[in-house]
1. Only residues that are within 18 Å of F471 (Cβ to Cβ) and of a type in the set (D, E, K, R): list them for the stretch 409-433, please.
2. Is it the case that T194 is free of Cβ contacts under 8 Å to residues at least 40 places away in the same chain, in contact with a helix residue (DSSP H, G or I) (Cβ under 8 Å, 6 or more places away or on another chain), at negative phi and of a type in the set (S, T, Y)?
3. Looking at the stretch 50-64, can you tell me whether even one residue there is of a type in the set (V, I, T), over 29 Å from D292 (Cα atoms) and at pLDDT 95 or above?
4. What's the number of the condition E381 fails, among (1) open to solvent by 20 Å² or more (accessible area, probe 1.4 Å); (2) in contact with a helix residue (DSSP H, G or I) (Cβ under 9 Å, 6 or more places away or on another chain)?
5. Within the stretch 99-117, does at least one residue satisfy the condition of being crowded, with 19+ Cβ neighbours inside 10 Å, at pLDDT 95 or above and touching a Lys or Arg at 6+ places or on another chain (Cβ under 8 Å)?
6. Which residues, counting only those in the stretch 260-296, are part of a helix (DSSP H, G or I) and either over 25 Å from G349 (Cα atoms) or touching a strand residue (DSSP E or B) at 6+ places or on another chain (Cβ under 6 Å) (or both)?
7. Hey, could you check the stretch 422-464 for residues that are part of a strand (DSSP E or B) and β-branched (V, I, T) and say which is surrounded by the most Cβ atoms within 10 Å (Cβ to Cβ)?
8. So, in the stretch 222-233, exactly how many residues are open to solvent by 30 Å² or more (accessible area, probe 1.4 Å) and over 13 Å from S155 (Cβ atoms)?
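The values are calculated or read from the model by the stated rules, or taken from the named source; none is laboratory data. Just so you know, these numbers come straight off a predicted model, no measurement behind them. Reconstructed Cβ throughout: ideal geometry from the backbone, glycine too, with neighbour counts over all protein chains shown. For accessibility, only protein heavy atoms count, side chains too; no ligands or nucleic acids. Shrake-Rupley method; radii C 1.70, N 1.55, O 1.52, S 1.80 Å.
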Amino acid sequence: MDFTPFARPHFLRLARRTDIWGAETRRIQLGVLERLLREARQTETGRRYCFAEIAADADVYSAFASRVETRDYEDIRADVMRMVRGERDVLWRGVCRDFAQSSGTSGGRSKFIPVTRESLRRCHYAGAADCVAHYLRHNPASRIFSGKAFVLGGSFASQLRADDPRVRVGDLSATLISRINPLANLFRVPDKKTALMPDWETKLPALVRASSHADITNLSGVPSWFLTVIKEVMKARGAERICDVWPNLEVFFHGGISFEPYREIYRSLTDPAKMHFVETYNASEGFFAVQDDPADRSMLLIIDNDVFYEFIDVFDASARPVPAWETEAGRVYELAVTSSNGLWRYRLGDTVRVESVAPLKIRVAGRTKTFINAFGEELMEDNAERAVAEACRTTGAEISNYTAAPVFATGTTRGRHQWLIEWAKAPADTAAFAAALDKELRILNSDYDAKRSHTIFLDPPEIVPLPAGTFCRWLESVGSHRLGGQRKVPRLSNDRRIADEIIKISKTNQDKSR
């Protein structure tokens, strides 16, 4: 039975509420901020900063920005650990029992983000509903609820062991799966037990068994990890394309990493007549944005979902944070959020490019610590993803994973960028791939183009092919892969630490195989 006609009116109402956002950003965002301040006024943080007084101020944002400083995770780590131990009313009201482990893509100690009841209901689940709402709005022939959703998640395997058995620490996706309304289980695979398995060696075949004969209409997950699962399903069924296994598959709600290097691969495996791809920005800290228009690759910032946003100009160290209604199109900002999980003016470490301001639409540009600026080229992750995608399209290559780092100049050599690539399908000519990558980077980034001009300051990029499985072995070596989550390889680094570790692992395994 197709339940889509029954669900459609509800989701269309959700989508229509965003029509006024272009003219109402300031009013809506200030309403969110005032509500958060009122609800947290009796917390330890609320009393310290006098949230009740701020919420009553005629200029609530100015009062808030003047009294509360911006924060990084290390500024709140001690408070979060108190919450893990069961203390109440610390950063947010009540006791929090769910925490999302996140290392981002910049390494270092893991972060544990509180996932409160309010943030689950009013932010994460609400954002997921917005994804479906905008998708149905643009696809009146959809039969998304005629079959099953295949949701790929992580687990509660964690580096942190809480004393209270009621406290759960793991991937955000594990919390979302665990806390979801049980009725949703009727419309998705795999079952909760399989979805939360921590060991991918046993989880992967279990996912294949759960999905290979199911009527899958939609996917939700990280593109790189889902591709591995899809290939195993195709192998098990003896199919050349996943649409031969799941003929009713119509949409992939993807996020976590850029989709650009994987877009052509997914197109080749699915039915282009019916398949759609919807990008989401769902971080451990909140569900922030969704692609609301299939013709527009930017994402609509969700401004009524319990998150108050501030933007910090990436290239101006003296710039003050600005609220959503003061952003400028074309600028790249670091994102800071205030939300119902107890984050107050919290600097995510994510950078976004504002594409339009009425309504506010963004593209994820990367991480504040994942860039290359060793030679003044200011290469951001978004540039890299788009250039890699174009080089793949031009040469017919397919990439499984990659990272890039600078090779610094010596007394006799110029600097260059070194790209470590694990191919899903290698190009016929690696030099042609490097040339296409270089050409697109020069088109996308004027600073890179200037440094590459006449090869005076910067040599062409160097491609280093890696054996299959190298990145997985590196993730295991840093303690990420074995935790069972969908960990991400940093795309860009401004130093050689990660690149040298990966090259060392690659050489070690090549030596063992000889």
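1. E422, K425
2. Values: free of Cβ contacts under 8 Å to residues at least 40 places away in the same chain: yes; in contact with a helix residue (DSSP H, G or I) (Cβ under 8 Å, 6 or more places away or on another chain): yes; at negative phi: yes; of a type in the set (S, T, Y): yes.
Criteria met by T194.
3. Taking the stretch 50-64 as the starting set, the residues that turn out to be of a type in the set (V, I, T) are 54, 60.
Narrowing the set further to residues that are over 29 Å from D292 (Cα atoms) leaves 54, 60.
From what's left, at pLDDT 95 or above: 54, 60.
Yes, because at least one residue in the stretch 50-64 is of a type in the set (V, I, T), over 29 Å from D292 (Cα atoms) and at pLDDT 95 or above.
4. If we test E381 against (1) open to solvent by 20 Å² or more (accessible area, probe 1.4 Å); (2) in contact with a helix residue (DSSP H, G or I) (Cβ under 9 Å, 6 or more places away or on another chain), just (2) comes out false.
5. Checked against the condition, which is being crowded, with 19+ Cβ neighbours inside 10 Å, at pLDDT 95 or above and touching a Lys or Arg at 6+ places or on another chain (Cβ under 8 Å), the stretch 99-117 yields at least one hit.
6. From the stretch 260-296, those part of a helix (DSSP H, G or I) are 260-269; that's our starting set.
Scanning the stretch 260-296 gives P261, R263, E264, I265, Y266, R267, S268, L269.
7. Kept after step one, since they are part of a strand (DSSP E or B), are these residues of the stretch 422-464: 422-425, 458, 462-464.
Of the ones still in play, those that are also β-branched (V, I, T) are 463-464.
Working: I463: 20, V464: 15.
Applying the filter and picking the extreme gives I463.
8. First pass over the stretch 222-233, keeping only residues open to solvent by 30 Å² or more (accessible area, probe 1.4 Å): 225, 228, 231-232.
This time we only want the ones that are over 13 Å from S155 (Cβ atoms), so: 228, 231-232.
Going through the stretch 222-233 one residue at a time, the tally reaches 3.
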